[in-house]
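Heads up: the structure comes next, in structure tokens.
No lab work stands behind these numbers, since they all come straight from the coordinates. Since the structure is predicted, the reported quantities are computational estimates derived from the model, not experimental observations. All Cβ positions, glycine included, derive from the backbone under ideal geometry; neighbour counts span all protein chains shown.
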Amino acid sequence: MARSIKEIQDEIIEQKNEQPELVGLNSTSKVSVWRMWTYITAVAIWSLEKLFDLHSSEVNSKLAHLKPHTARWYRSKALLFQNGFDLLPDSDNYDNTGVDESEIDNSKVIKYCAVVESESVSRLIIKIATEDSDGLKPVDENILESFQEYIAEIKDAGVAITVINYLPDRLKLTIRIIRNPLLLDAEGRSIRYGNKPVEDAIKGYLKLLPFNGNFSVQKLIDNIQQVEGVEDLSIDEALTCWIDGTLQDYGNWESIDIHKVPESGYYTVSYTDNDYKSIISYE
């Protein structure tokens, strides 16, 4: 790890003080010429040490992602999937010779991926999603078929894999807000700006969650409490449901006690859809 500039400069000065022929360089002024040179040298050494740290970090990161037989390797490969392209014979790579860079980028339709090990059986679970202007969503069925064939081609022999390409887990919240009437009206609108900042805060929290990230009730509360005009709040209920693979439809609602990782990898919340309408009341 790179030392600080001061640590390096102090070491240079210490070495200077041990040289009898340099005893004349004894000014204590910070702007003396010899001190300025020790500072310049220290900055140069510090810059080099920072570059070494950066290089080491990049090398370690590449090695971690390139190493086969790990969840990181499978995730990297999933994100490299190119829809409409064939693999090189006996390879897990594509031949992109002569293909325009924009076409390659457009073919990489898997925008989000998480790879986890099943807790009950020996199996890898690959969760995927793509995106459009409205946010995250599953990939189309024809793309899913191609992706599953791609994974079957590149996976290690004997490794069982399940691909999850589900609609988002639904999140249903019941929240009571104690508001400042000078800033928020009875419907939760900002008197000054006309938006609904509590709903914006919830949306912002979900957007910042990493794919397959852990939804935390307390962190959602912390996010809402930062909204101007919110004096206090209570999340009376936080429920979630997700696609049941056997039913191919949403299953039963379950309460989120402290936190919950979404089965699909991501959440959706609504204030209008009666199937999973969240209710925010303002007092």
Region 210-283 to region 32-82: how many Å between their Cα centroids? 38 Å
Estimate the FRET efficiency between residue 275 and residue 92 by the formula 1/(1 + (r/R0)^6), using the beta-carbon distance for r and 51 Å for R0, to the nearest 0.05. 0.80
Please sort by residue number the GluC sites (Glu not before Pro) in region 175-243 whose DSSP state is loop and whose Cβ has at most 11 other Cβ atoms within 10 Å. 187, 228
Calculate for the chain the 222 nm mean residue ellipticity that helices alone would give, adding -39,500 (n - 2.57) per DSSP H run of length 4 or more and normalising by residue count, nearest 500 deg cm²/dmol. -11000 deg cm²/dmol
Quick one: which residues, 5+ away or cross-chain, put their amide H under 5 Å from the amide H of residue 130? H built at 1.01 Å from N. 111, 137, 139
Under a point-charge model restricted to the Cβ atoms of Lys and Arg (+1) and Asp and Glu (-1), what is the dipole moment magnitude of the chain relative to its Cα centre, in debye to the nearest 20? 960 debye
Among 224, 238, 22, the residue whose Cα sits farthest towards the positive end of the charge dipole of the chain, when +1 is placed on the Cβ of each Lys and Arg and -1 on the Cβ of each Asp and Glu, is 22
Take the Cα of residue 235, step 7 Å along the line toward its Cβ, and report every residue of region 177-201 whose backbone nitrogen sits under 15 Å from that point. 177, 198-201
Evaluate the distance, in nm, between pseudo-label points positioned 7 Å from the Cα of residue 76 and of residue 49 along their respective Cα→Cβ axes. 3.0 nm
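Return the FRET efficiency for the residue pair residue 207, residue 18: r is the Cβ-Cβ distance, R0 is 45 Å, and the value is rounded to the nearest 0.05. Can you show the working numbers first?
Working: r = 58 Å, r/R0 = 1.29.
Efficiency at R0 = 45 Å is approximately 0.20.
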For residue 30, go through the lysines and keep the ones whose alpha-carbon is under 24 Å away, minus same-chain ones fewer than eight residues off. 6, 16
Across region 71-164, qualifying lysine pairs (alpha carbons under 18 Å, at least 8 places apart or different chains) come out at 10
